[in-house]
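The values are calculated or read from the model by the stated rules, or taken from the named source; none is laboratory data. Since the model is a prediction, treat every value here as computed from it, not as a measurement. Backbone-built Cβ (ideal geometry, glycine too); neighbour counts: all protein chains shown.
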Amino acid sequence: MASAYYRASAPGSLMLLGEHAVLHGHAAVVAAVNRRIRAAVRVRTDQKVYISSALGKTEASLEDLTPQEPHSFVLATIAYYREQLASGLDVRIESDFEHSLGLGSSAAVTAAVTGCLSAITESQATAEALLEPVVSIIRRVQGSASGADAAAALLGGTLIYHPDTPSARRLAHDPPLAVVYSGYKKPTPQVIAMVAHKSEVLPDMFAEAMALIGRSAEEGAQALDRGDWSRLGAICDFAHGLMEAIGVVDRPLAEIVHFLRNSPHILGAKVSGAGLGDCVIGIGTVSIPPPTGRLLEIAVTREGLQID
């Protein structure tokens with residue numbers, strides 16, 4: 001008789017403040033959003049590993065779990081638990097959002113599969129305790145990764161995240177967000193490499209910019225604890241200028257930011273994430289469709305990792 005599926009889900013996320021600087025040890029503010037990735041994992045009677053999702057299918061064995069697209073993060077998560085697994089697995093992944101949106105999908109799928117495997121191996125831990133292993137798994141695949149999106153996937157809510165520990169604290173209030181997807185997304189590792197190359201020309205100025213981006217996250221966290229949306233909006237406007245300074249704001253993103261800033265119920269706007277595509281966020285609400293990009297119905301959720 002086939003074994004039952006273990007199920008878990010984790011939310012996607014949006015970076016609010018601290019992008020790029022969080023890779024240099026500075027704080028970031030990240031929020032879990034109401035779009036989730038769901039994992040269902042069943043124990044097999046042999047050593048095979050089968051993974052299926054909207055991205056395709058992957059077949060591997062418990063003895064060879066080398067990360068490969070499109071399921072690198074799933075395979076790396078299984079590899080992390082391999083010594084505790086007696087046999088192979090069937091893994092099914094479902095998502096509330098398309099992969100092209102970003103929204104911390106790699107972290108969400110890693111968190112969801114980790115939740116399932118922690119139950120299968122009877123090594124259940126709190127979401128806080130799972131943060132370090134999930135960040136470790138993501139870094140094994142991606143190399144340079146802050147882990148902020150992993151914190152959001154596990155803990156939910158709006159968080160201030162410190163990468164060195166790693167650790168996160170949930171903030172008192174969640175902001176009202178208007179989210180516009182630009183329609184394209186440059187791979188994050190490529191953007192990070194481009195910023196690193198630019199920083200070689202003006203290393204001292206880039207270091208100061210990173211420190212200011214990190215400070216904007218600290219200041220933004222204080223505003224979120226107070227529920228001071230006007231101040232948060234002003235901080236977002238300031239932080240966006242720093243994102244422009246390090247070269248990750250192209251013309252389409254700039255146009256979306258200006259559209260949001262000209263909307264009557266938006267208090268500030270900025271690029272979210274690595275830049276050169278993906279999403280732009282505004283603090284407040286907007287009902288008129290942007291001239292470019294797509295307005296997403298996204299809100300912050302306080303539900304982090306859920307294990308059934």
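Answer yes or no as to whether R231 is out of contact with any Cys (no Cβ under 6 Å at 6 or more places or on another chain), charged (D, E, K, R) and in contact (Cβ under 8 Å) with a residue 60 or more places away in the chain.
So R231 does not fit the description; no.
Taking into account only those residues within segment 80-112 that are out of contact with any Lys or Arg (no Cβ under 8 Å at 6 or more places or on another chain) and small (G, A, S), which is nearest to G147 (Cα to Cα)?
A107
Across segment 85-107, which residue is nearest to V280 (Cα to Cα) among those that are modelled with pLDDT under 95 and part of a helix (DSSP H, G or I)?
Among those residues, the one meeting the criterion is L101.
Can you name the condition, by its number, that S136 falls short on among (1) in a helix (DSSP H, G or I); (2) under 13 Å from L305 (Cβ atoms); (3) of a type outside the set (V, I, T)?
Looking at each condition in turn, S136 falls short on (2).
Can you pull out the residues in segment 155-190 that are of a type outside the set (S, T, Y), under 16 Å from the mean Cα position of the chain (by Cα), modelled with pLDDT under 95 and farther than 21 Å from E219 by Cα?
Residues satisfying the conditions are K185, K186, P187, P189.
When you look at V134, is it under 24 Å from T165 (Cβ atoms) and in contact (Cβ under 8 Å) with a residue 12 or more places away in the chain, yes or no?
Judged against the criteria, V134 is a match.
Condition check ((1) within 27 Å of Q124 (Cα to Cα); (2) crowded, with 24+ Cβ neighbours inside 10 Å; (3) of a type in the set (A, V, I, L, M)) across all residues:
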position	(1), (2), (3)
Y6	yes, no, no
G12	yes, yes, no
L16	no, yes, yes
E19	no, yes, no
V22	no, yes, yes
A32	yes, yes, yes
K48	yes, no, no
